[in-house]
Amino acid sequence: MLVVALVQIMVKPGEAVTCGQVDASLASCISYLTAGGSPSAVCCDGLKNLKTITPPTADRRAACDCVKAAAARYPNIKEDAASSLPTKCGVQMNIPISRSTNCAK
């Protein structure tokens, strides 16, 4: 919860989302994304925060690019775990979590 609160404080209205904010939101999900199982509550809170800070389409596209860049840094991320994360957390995302997503669409 502390990470989510800090990230929300960092987001200022009218400013575009940054990769740092996206990374902070999803950092607690790395163990789930690489090992599978069930995502932690902190991971799901981070995902909820990511949805909150990316309402405009431009921010969703930027966040999508950040997610793809982060996935490239972690080659052992399981694609099936990434794609199922929103469902497992009960969060309807407008940002696909996948290396192969075309963020321009």
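Every number in this text was worked out from the coordinates using simple rules, so none of it is lab data. Please read all numbers here as calculations on a predicted model, not as lab measurements. Because the Cβ atoms are built from the backbone with ideal geometry, glycine has one as well, and the counts that use them run over all protein chains shown.
Just a few scattered comments:
- About the Cα centre, charge dipole magnitude for the chain (Lys/Arg +1, Asp/Glu -1 at Cβ), debye: 160 debye
- Neighbour counts of C-beta atoms inside 10 Å place K105, K88 in the sequence K105, K88, starting with the fewest.
- Per residue convex hull volume, Cα atoms of the chain, in Å³: 85 Å³
- Unit Cα scatterers, Debye sum, the stretch 47-105: log10 I(q)/I(0) for q = 0.13, 0.25 Å⁻¹: -0.30, -1.12
- By average C-beta atoms within 10 angstrom, highest first, the peptides 67-75, 41-49: 41-49, 67-75
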